[in-house]
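Below is one structure; the comments refer to it alone.
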Amino acid sequence: MRDYSVQNKKAWEFDAYDFWVKQSGTPEERAAEDVKDPVGKLRKYARYFDSYEEVRIANICGSCGKKAIPLSLLGADVTVFDISEDNKRYALEVARAANTEIEYVVGDVLEIDLKKYSGYFDVVFMEGGILHYFHDLDEFMKIMYAILKKGGKIICSDFHPFTKINDSLDFQMPTMGYFFSEIYEGEMAHARFYDEETRKNMPKCSYRKYTISEILNSMIGNGFVLKRFDEHPSWVHENLPGEFTAIGIKA
């Protein structure tokens, strides 16, 4: 595992299980919400799925299963790839309480077992801001392309690069020049929910943030045919961009 992946793993295993319980409820409470309205839990991403039943979906950096479990309830065969054992524990407990199943693989996404998963998935899906955890975007996109079937779809949704220069999502993250390309250390996304003393002692993540052109050109350069690109407003500042979704097909 890469040094920066080890660093990010420490950050994402800091109090993670208890954090999800506080933010999303006990596994039983979260499961009840997912079962009640799985399509609603997918939010805006539901529009990008053509179908669910028996569709093999790789949920990249799927965290606590907040999208994987609704997808599973809708009939998809979902595999989460994530770096945190605590995230896995919470996700599997929610899935069990929801009377559904997901596969959960803990490890470095860049080390996915291609002997097992090459050409395996119909859809590769990511959301919630993950690209900045990978220092080499081309290496990441190459793996995403490899695990998709021919004709498979990538749904790449992430924080809008506008957030590099404006904290439009109110994550209390540092801003920088739009074309800044250096690797830097920073707080994990939910550090802002902790008291200041705990926050000071939390492990830091290692980040590399990208521009829109870097993201789209990496998708295209690694073989994806770009089919759609949407920009979404921030959920706290509706007149500012907060997220984007890029759709590509493995030709």
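Simple spin-label estimate for Asn239 and Asp170 gives 1.6 nm between the two label positions (7 Å along the Cα-to-Cβ direction from each Cα). Across the chain, counting alpha-carbon atoms alone, Rg and Dmax equal 17.3, 50 Å. To the nearest 500 deg cm²/dmol, what mean residue ellipticity at 222 nm is calculated for the chain from DSSP H runs of n ≥ 4 alone, each contributing -39,500 (n - 2.57), summed and divided by the residues? Taken over the chain, the calculation gives -9000 deg cm²/dmol.
Inter-label distance, Phe180 to Val105: 3.4 nm, where each label sits 7 Å from its Cα along the C-beta direction.
Classification of the range 36-107 by its C-alpha gyration tensor yields a prolate form. The axis ratio a/c (a ≥ b ≥ c) is 1.5 or more, and a/b outweighs b/c. Placing a label point 7 Å from the Cα of Lys10 along the Cα-to-Cβ direction, the residues of the range 164-200 whose backbone N falls under 18 Å from that point are 184-191, 198-200. Farthest toward the positive end of the dipole of the range 113-251, out of Ser213, Phe121, His232, is the Cα of Phe121, where the dipole comes from beta carbon charges about the Cα centre. Under the convention that each Lys and Arg Cβ holds +1 and each Asp and Glu Cβ holds -1, the size of the dipole of the range 3-250 around its Cα centre is about 660 debye. Entry note, the range 3-250: relative contact order of 18 percent, from Cα contacts under 8 Å with a spacing of 6+ residues. From least to most packed, judged by other beta carbons within 10 angstrom and beginning with the fewest, Leu148, Leu240 follow the order Leu240, Leu148. Other residues lying with their Cβ under 15 Å from the Cβ of Lys200 contribute a combined charge of -3, Lys and Arg counting +1, Asp and Glu -1. With a simple spin-label model that places each label point 7 Å from the Cα along the Cα-to-Cβ direction, the separation between Ile249 and Gln23 comes to 3.5 nm. Taking a Cβ cut-off of under 13 Å around Thr79, the surrounding Lys, Arg, Asp and Glu residues balance to a net charge of -2, with basic ones at +1 and acidic ones at -1.
Values in this text are rule-based calculations from the coordinates and carry no lab data. Given the structure is predicted, the values throughout are model-derived calculations rather than measurements. Neighbour counts run over all protein chains shown; Cβ positions are idealised from the backbone, glycine included.
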